[in-house]
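Scroll down for the structure; my scribbles are underneath it.
Each value in this text was obtained by applying a stated rule to the coordinates, not by laboratory testing. Because the structure is predicted, anything quoted here is derived from the model rather than measured. Don't worry about glycine lacking a Cβ; one is built from the backbone with ideal geometry, like all the others, and counts go over all protein chains shown.
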Amino acid sequence: QVQLVESGGGLVQAGDSLRLSCSASGRTFSGYAVGWFRQAPRKEREFVAAINWSFRSTRYAVSIRNRFTISRDNAKNTVYLQMNGLKSEDTAVYYCATRAGDTSAVSREYPYWGQGTQVTVSS
């Protein structure tokens, strides 16, 4: 069983940056893909970014491309989401999730989820 814990959320102003972290316990991320999703109030959960642990491949949602960067630290068994140029529409609860194999933008393909961290961007 994998337990995921997100951290790094907070209240920032438009244009600011935040770095979210997703740490795993129970097993390493080796061989697993990790994705970030977000859910704003009254909206469906949407894909943000994902990284393949073994091959370093990444994928991003169009809405955040060139502003957000996903990366990983093998030694710390942690995946990061660097968010720059934050906008009010980025306000949401951000979740990390993991699945065996390659990246996916489909939330139901990830069996393991963290509890989420709130990101609020004021304009």
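Along the stretch 91-97, what does the Karplus equation 6.51 cos²θ - 1.76 cosθ + 1.60 (θ = phi - 60°) give for ³J(HN,Hα), rounded to whole Hz, x for Gly and Pro?
Rounded to whole hertz, the list is 4, 4, 8, 9, 10, 9, 8.
Give me, ordered by chain and number, the residues 5 or more places off ASN77 or on other chains with an amide H under 5 Å from its own placed amide H.
Result for ASN77 returns nothing.
Quote the charge dipole size of the stretch 53-107 about the Cα centre in Debye, to the nearest 20; the model charges only the Cβ of Lys and Arg (+1) and of Asp and Glu (-1).
120
HN-Hα J couplings of the stretch 9-14 from phi, Karplus 6.51/-1.76/1.60, θ = phi - 60°, integer Hz, Gly and Pro as x?
Using θ = phi - 60°, the values come out as x, x, 9, 9, 9, 4 Hz.
Kindly write out, for the stretch 66-78 in residue order, the coupling ³J(HN,Hα) from the Karplus curve 6.51 cos²θ - 1.76 cosθ + 1.60 (θ = phi - 60°), rounded to whole Hz, with x marking Gly and Pro.
6, 10, 10, 9, 9, 8, 9, 10, 4, 5, 9, 6, 9
With a cut-off of at most 15 other beta carbons within 10 Å, and DSSP calling the residue loop, which GluC sites (Glu not before Pro) in the stretch 1-76 qualify? Please list them.
Of the GluC sites (Glu not before Pro), the ones in loops of the stretch 1-76 whose Cβ has at most 15 other Cβ atoms within 10 Å are GLU44.
If exposed trypsin sites (Lys or Arg not before Pro) are those in a DSSP loop with at most 13 other Cβ within 10 Å, what is the longest stretch of the chain that has none?
Segment 77-123 is the longest.
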